[in-house]
Amino acid sequence: MKKIRFRAGWPIGRWLAVFGLSFAVATQALGAAPYYEGKAIEVIIPFPVAGGSDIWIRTITPYLDKRIPGTPKFNFRNIGGGRGIPGMMEFAVKAKPDGLMLLVSSATNYFPVLLGDKAAKYDFRQWKPLLVNPVGGVMYASPAAGIKRVEDLAKAKNLIYGGISAIGLDLIPLISFELLEMDAKGVLGFRGRGEARIAFERGETNIDYQTTPAYNATVVPLIQEGKAIPLMSFGQLDDSGNIVRDPAVPDLPTVPEVYEKIKGKKPSGKFWETYKVFMPSAFAVQKILWVKADAPAEVLRVFYAAADQLGKDKDFLTKTDKVLGGYPLLRGDRLEKTIQQAFQIDAETQRFVREWVGKKYRVKLD
Amino acid sequence: MWDAALIALERFANPHHMAMLMAGVLAGTVIGILPGLGGIACVAILLPFIYTMDVHSAMVLLVGSLAVVHTSDTITSVLIGTPGSAAAAATILDGHPLAKQGQAGRALSAAFLSSMIGGLIGALFLTLSLPIARPLVLLFGSPELLMLCVLGLSFAGFLTGGAPLKGGLSACLGLLLGSVGSAPADAVDRYTFDQLYLLDGVPLVGVALGVFGIAEIIDLLAKGGQIAERINLGHGWLQGVRDVIQHWGIVVRGSLIGVWAGILPGIGATAGSWMAYGHVVAMARDRERFGKGDIRGVIGPESANNSVEAGDFIPTLLFSVPGGAPSAILLGALFFYGIQPGPRMVQENLDLIFTIIWSFAIANTIGAALCLFLSPALARLTWIPFARLAPAIVVTIFFGAFQSSQNFGDIYAMLGLGLLGWLMKQLGWPRAPFLVGFVLTKPTEQYLWLSISRYGMEWLSRPGVIVLGLLLLASIYWCIRGKSGGKEIPAEESGEGTAVLGKVPSVLFTSFVLLVVAAALYESRSFPYLGAIFPMAATIPAVFMAVAQLVLELRATRTAPGIETRPKTKLILGYFLSLVLFLLLILLLGFGIATALFTFVFLYGWVRTGWLYALIYTGSVVGVTLLMSQLLALYWPQGILLG
């Protein structure tokens, strides 16, 4: 048998060539080191700790990091206050095109843009959505207000709704009241939807909405006790951007369906235009994880792949069901067009909404 | 129901559960002691660890830590006069003077014992009220909640000491600071000067740390020496136990006030402990010693601030409405395990509720015992020359203020309010009403807003409102009678040494206050109707009071300030500037380097310790803060020059 011998006589250049070649072969065979190997991702959360978006991202990342090659470490930075604007600006200014800084956003961050708030100088068109989570909303009323079925809304008198702020998510129910020409007024200033629901249970208000998970846990028992009547959902978007029934509550009609039922025609007019602009960003694409648009293609690819894997993971789906609200965690690229459309508003609708909240709810927008 | 309670209790026979509980208790104790860090920091640090646990272990860990934060935060309040967390500010008023008199052991043991009993009463109340909690919570509408807040505000009247005018002004300033930011329904931004930072108002942590913490630190530094004379602690801690037994009524009432402050949305631990303090003063026959080291002033707020957390579990678990940020995180953790709290919780997850209650009760007891065990050693901290403690305390205070919103605005606010607090202290302006006014502005305004927009003026005729209104009148009558009946309470801590500041600064300060309130009043004209009520309610009486105060001061005879006034004032300014310098260093060089420089220069250059001592001290301070930054995922912006 021939002995393997170390070829000491080779010049250094040949050694390097062999080394280079074998390295190239090895990386070809094993695949390049994953992009996120040994790296940390910083997630900007433009809200204080324990808000809805904060809990959302903190709940999904323990599953997400394992599905991303290189298992990066996720660090969170909550930049609360200032209607979320400081946090959004931090991302807009500081994020580099390396995919190491991400941003979580929610409806609170979209409305200043839609309403033309000058302090909100961020532009969603420069970012790409990685993950999207829709949320749904369901309206219900008190039988004490003389409502037994949704059709009774047309003749119900003195409906009182408890909300947080006219330029937050409450804008959607408030617009719905105008669209359906209901005799309803909003009492604003509650600290959260939970407190507004307590006011409903107490009889201080008689019409309310909750997001679908909160609705299932806290309102369905009230319905069973006969203390609440389910009315309608705000709807979700289908692939071509039409408002359709919410898969989480498929038995309930959407707001435009109720309009047809009451008025006998398709919805139209200024309030309908407003509803169509604001509903998607408030609910259908509510929670979004963003990256800078010029991030490496691999960043996008690994996140989309992770989303696909999570969609099939039983453990993830059961454990996070309550946080995701019964909706799938969607790949950003599938919804990119819808999302970018959702943040567009024509000048006329914007002027109309600003005037309306200013007059009816005394909101002063600069 | 009792079966579930026993099953839950059995779990604690499992060493794993007990280990979790101990881990939680230790974390809570340490975080509570650090100034400015409270329940939120606690849960935020522990949260990453729970993802691999089952729901019961996770709850044991989280609840265990939350239950002791308000026990151990007393230590900092009593010993250093700096609130361990915002809710412990009320304990400073009497606890810190006691420590200065060498009675730290007594104050601490009384505080821990009443904290523990308060927590246990809270847990018991929580258990008993499970079947009736829902209707109980639904009993209170916005108008009734409004009246409760106003009642709480009226307690500020009892905290004005011997200076009703200054106290009233102080409360008005608190209200004014509280109304900075968006009005409750977002209709208008008030006093924000186009600063995004001010949109949500100034955070409570910054206010409490500034008005009490910074002011006290500067004062202690200027005084020199140690906090208390080195005297034998003796059986001070036994005296504390005897005090609690003697004043058991205060403990029970304080706990019940705390539980209610927790159950009702929007009140919270800080307001709860102030209400408990106010009620102790209001109900006392002799009020002379309050603010100068009356043990009752320690027992009242301490029995309240633990039971608040117990009360807070009721809306969190039965309505899915968290009362504060710690319970909001707890709620998030429950979501993670697929549990959505709500009306079904009592039927479906009763054993989990009992796991939480037992964890709370057991952790409370262990935490109090642990603190009691530590207190003789900790009380010795008051014998160390304060200048040697100061760098570590300053660094933690900056750290604590920054962690709530990770915004430098918090540190600016803290330093500014620190100067204000120090001036108030020197000029005999009580600071307690300021904090009470600040804490209660937001909920009072919110409920006023809701009551008026829901009921118009009808809310005044609701039976609950009338009952609470009568209680309010009684409280005001009591307060005035107490004052005129010769039961004068001297201003807090005024008896100590000569006032550093004389007549001229006094007049200048009052003029400045007059200017601020007048400007605020002028500005409030432009606010819409509901948004203007609060700024006007605060500023209109304040203008009159400030004018009256100014007249009084101008007519007063010129009191001769102490001989060393001038050098002392200079010294104080120097210390304050060193804090500002620390902030500038952070901005320029980043937090790590700035901390190292500040600590070392302060110790070696100013206190003149040996270089090795200074070096080891600096190393440990930097090490601990960097470790904490890592645990809290706290982000410090890089310095402008380095980074």
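The values are calculated or read from the model by the stated rules, or taken from the named source; none is laboratory data. Not measured: the values here are computed from a predicted model. As a convention, Cβ positions derive from the backbone with ideal geometry for all residues, glycine included, and neighbour counts pool all protein chains shown. These area figures cover heavy atoms from the full protein model, side chains too; ligands, DNA and RNA do not enter into them. Shrake-Rupley method; radii C 1.70, N 1.55, O 1.52, S 1.80 Å.
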Consider A:Leu222 carefully, then state whether it is among the aliphatic types (A, V, I, L, M), surrounded by 23 or more Cβ atoms within 10 Å (Cβ to Cβ), over 24 Å from the mean Cα position of the chain (by Cα) and more than 7 Å from chain B (Cβ to nearest Cβ).
-> no
Here the residues within the stretch B:112-154 that are small (Gly, Ala, Ser), within 21 Å of the chain's Cα centre (by Cα) and closer than 30 Å to B:Asp351 by Cβ are B:Ser115, B:Gly118, B:Gly119, B:Gly122
Matching residues, the stretch B:30-40, being at pLDDT 80 or above and out of contact with any Leu (no Cβ under 6 Å at 6 or more places or on another chain) | B:Val30, B:Gly32, B:Ile33, B:Leu34, B:Pro35, B:Leu37, B:Gly38
Looking at this structure, is B:Ala361 in a helix (DSSP H, G or I) and within 9 Å of chain A (Cβ to nearest Cβ)?
-> no
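Matching residues to (1) touching a residue at least 12 places away in the same chain (Cβ under 8 Å); (2) within 26 Å of the chain's Cα centre (by Cα):
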position	(1), (2)
A:Arg202	no, no
A:Thr211	yes, yes
A:Ala214	yes, yes
A:Thr218	yes, yes
A:Asp238	no, yes
A:Val249	yes, yes
A:Leu252	yes, yes
Test: residue in the stretch B:12-25 that is closer than 26 Å to A:Pro48 by Cα, part of a helix (DSSP H, G or I) and of a type in the set (Val, Ile, Thr) = yes
Before we move on, is B:Leu350 buried (at least 19 other Cβ atoms within 10 Å of the Cβ) and more than 14 Å from chain A (Cβ to nearest Cβ)?
-> no
Out of (1) open to solvent by 10 Å² or more (accessible area, probe 1.4 Å); (2) under 30 Å from B:Leu471 (Cβ atoms); (3) modelled with pLDDT of 90 or more, the one B:Ala86 does not meet is (3)
Note: among B:Leu151, B:Leu177, just one is more than 17 Å from B:Val513 (Cβ to Cβ) and part of a helix (DSSP H, G or I), namely B:Leu151
Checked the stretch B:264-287 for anything out of contact with any Ser or Thr (no Cβ under 9 Å at 6 or more places or on another chain), aliphatic (A, V, I, L, M) and not in a loop (DSSP other than H, G, I, E, B); matches are B:Ala271, B:Met275, B:Val280, B:Val281, B:Met283
Quick one: would you say A:Leu159 is within 21 Å of A:Gln236 (Cα to Cα), among the aliphatic types (A, V, I, L, M) and in contact (Cβ under 8 Å) with a residue 12 or more places away in the chain?
-> no
Being open to solvent by 10 Å² or more (accessible area, probe 1.4 Å), more than 7 Å from chain B (Cβ to nearest Cβ) and assigned to a loop (DSSP other than H, G, I, E, B) is the filter here, so list the residues in the stretch A:191-205 that pass it.
-> A:Gly203
What's the number of the condition A:Ile167 fails, among (1) within 11 Å of chain B (Cβ to nearest Cβ); (2) modelled with pLDDT of 90 or more?
-> (2)
Among the numbered conditions (1) free of Cβ contacts under 8 Å to residues at least 40 places away in the same chain; (2) farther than 28 Å from A:Tyr35 by Cα; (3) not hydrophobic (A, V, I, L, M, F, W, C), tell me where A:Tyr275 comes up short.
-> (1)
Residue match in the stretch A:316-327 (condition: within 14 Å of chain B (Cβ to nearest Cβ), open to solvent by 20 Å² or more (accessible area, probe 1.4 Å), in a helix (DSSP H, G or I) and hydroxyl-bearing (Ser, Thr, Tyr)) | yes
Take the residues in the stretch B:405-454 that are open to solvent by less than 30 Å² (accessible area, probe 1.4 Å) and not in a helix (DSSP H, G or I), then tell me which one is nearest to B:Lys568 (Cα to Cα).
-> B:Leu427
Would a scan of the stretch B:39-56 turn up a residue that is in contact with a Phe, Trp or Tyr (Cβ under 7 Å, 6 or more places away or on another chain) and surrounded by 20 or more Cβ atoms within 10 Å (Cβ to Cβ)?
-> no
Residues located in the stretch A:67-108, provided they are more than 7 Å from chain B (Cβ to nearest Cβ), aliphatic (A, V, I, L, M) and part of a helix (DSSP H, G or I) | A:Met88, A:Met89, A:Ala92, A:Val93, A:Ala107
Restricting the search to the stretch B:288-331, which residues are outside any helix (DSSP H, G or I) and within 14 Å of chain A (Cβ to nearest Cβ)?
-> B:Ser320, B:Val321, B:Pro322, B:Gly323, B:Gly324
Tell me, yes or no, whether the stretch B:364-384 has at least one residue that is closer than 30 Å to B:Ala163 by Cβ, outside the structural domain of B:Thr618 (by TED's automatic domain parsing) and either out of contact with any Phe, Trp or Tyr (no Cβ under 8 Å at 6 or more places or on another chain) or part of a helix (DSSP H, G or I) (or both).
-> yes
Which listed residue, of A:Tyr215, A:Tyr275, is assigned to a helix (DSSP H, G or I), open to solvent by less than 10 Å² (accessible area, probe 1.4 Å) and more than 17 Å from A:Glu151 (Cα to Cα) | A:Tyr275
For residues that are more than 7 Å from chain B (Cβ to nearest Cβ) and part of a helix (DSSP H, G or I), scanning just the stretch A:43-57, find the one that is farthest from A:Ala95 (Cα to Cα).
-> A:Gly52
Do the conditions hold for B:Val395, that is, is it assigned to a helix (DSSP H, G or I), among the hydrophobic types (A, V, I, L, M, F, W, C) and open to solvent by less than 10 Å² (accessible area, probe 1.4 Å)?
-> yes
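Counting only residues that are under 30 Å from A:Lys364 (Cβ atoms), at pLDDT below 90 and open to solvent by 40 Å² or more (accessible area, probe 1.4 Å), how many does the stretch B:537-561 have?
So the answer is 1.
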Scan the stretch A:234-256 and give yes if some residue there is within 19 Å of A:Val323 (Cα to Cα), of a type in the set (Asp, Glu) and surrounded by 20 or more Cβ atoms within 10 Å (Cβ to Cβ), otherwise no.
-> yes
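Among the residues of the stretch B:46-58, is there at least one that is among the hydroxyl-bearing types (Ser, Thr, Tyr), under 21 Å from B:Ser307 (Cα atoms) and away from chain A (no Cβ under 14 Å)?
no
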Out of all the residues in the stretch B:111-125, is one or more open to solvent by 10 Å² or more (accessible area, probe 1.4 Å), farther than 26 Å from B:Thr76 by Cα and assigned to a helix (DSSP H, G or I)?
-> yes
Would you confirm whether any residue within the stretch B:304-321 is in contact (Cβ under 8 Å) with a residue 12 or more places away in the chain and of a type in the set (D, E, K, R)?
-> yes
